[in-house]
1. Is region 1-76 best put as rounded, prolate or oblate by its Cα gyration tensor, with a ≥ b ≥ c the root eigenvalues, rounded for a/c under 1.5, and otherwise prolate when a/b is larger than b/c, oblate when not?
2. What ³J(HN,Hα) values, in whole Hz, does the Karplus curve 6.51 cos²θ - 1.76 cosθ + 1.60 give for region 59-66 when θ = phi - 60°, with x put for Gly and Pro?
3. With a/c under 1.5 counting as rounded, go ahead and sort region 1-149 into rounded, prolate or oblate using the C-alpha gyration tensor (a ≥ b ≥ c being the square roots of the eigenvalues; past the cut-off, prolate if a/b is larger than b/c, else oblate).
4. Taking amide H positions as placed in the peptide plane 1.01 Å from N, state which residues far from Lys139 in sequence (5 or more) or on other chains have amide H under 5 Å from it.
5. Calculate one ³J(HN,Hα) per residue across region 89-97 by plugging θ = phi - 60° into the Karplus curve 6.51 cos²θ - 1.76 cosθ + 1.60, and present them in order as whole Hz with x for glycine and proline.
6. Under 5 Å between amide H atoms, partner at least 5 residues away or on a different chain: which partners does Phe78 have, H built in plane at 1.01 Å?
7. Please list, in order along region 104-119, the HN-Hα scalar couplings obtained from phi with the Karplus expression 6.51 cos²θ - 1.76 cosθ + 1.60 (θ = phi - 60°), rounded to whole Hz, x for Gly and Pro.
8. List every residue whose amide H lies under 5 Å from the amide H of Val50, counting only residues 5 or more places away in sequence or on a different chain, with H placed 1.01 Å from N in the peptide plane.
Amino acid sequence: MGLQASGKSTFYKKYFFNSHVRISLDLLRTRNREQKFLNVCLQTSAKLVVDNTNPRREDRARYIALCKERRYQVIGYFFQTSLPDALARNNLREGKDKVKDVALYDVRKKLQLPSFDEGFDRIFSVRIQGDDFLVQEWKKEAGNVSEPKDRLG
């Protein structure tokens, strides 16, 4: 979850490329294709990563519900970045990888913090730090998400 150019796809390539199937609307181009591919992954119990912006609870809900039905552990990664930083990284992109600035503004307006009550088993905050990522787990405390505490990678 997060703005375009916040590191989602790079994080996938670094940490999940060799172990998880990537579900990405950027690659599949239509919701119909995405749904069919997701269904195949779920039917075969494949490990998967949904690599989309998913800014709102309602955007995430369908993935979470389907995964929970299949008894998947649902782990959320929330990519935190400032809009100016995302715009700057996006401007370094070329071709189809570069999105219009208005798309980043649109996602930023919609962006909602993830919550355990959505069905996540674990949630991590991810920030770009130099050429790497700072990953911190959010803890459940009295039914709320606390600030990230543990550095994991």
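1. The shape class here is rounded.
2. With the stated coefficients, region 59-66 comes to 5, 7, 4, 5, 5, 4, 4, 5 Hz.
3. Oblate, since a/c reaches 1.5 and b/c is not below a/b.
4. Ser146, Lys149
5. Running phi through 6.51 cos²θ - 1.76 cosθ + 1.60 with θ = phi - 60° gives 5, 4, 5, 7, 6, 10, x, 5, 6 Hz.
6. Residues meeting the amide H criterion: Phe124, Ser125, Val126.
7. 5, 4, 5, 5, 4, 5, 8, 4, 10, 4, x, 9, 4, 5, 7, x
8. Ile23
Quick note: the coordinates plus some simple rules give every number you see, no bench work behind them. These figures come from a predicted structure and were not determined experimentally.
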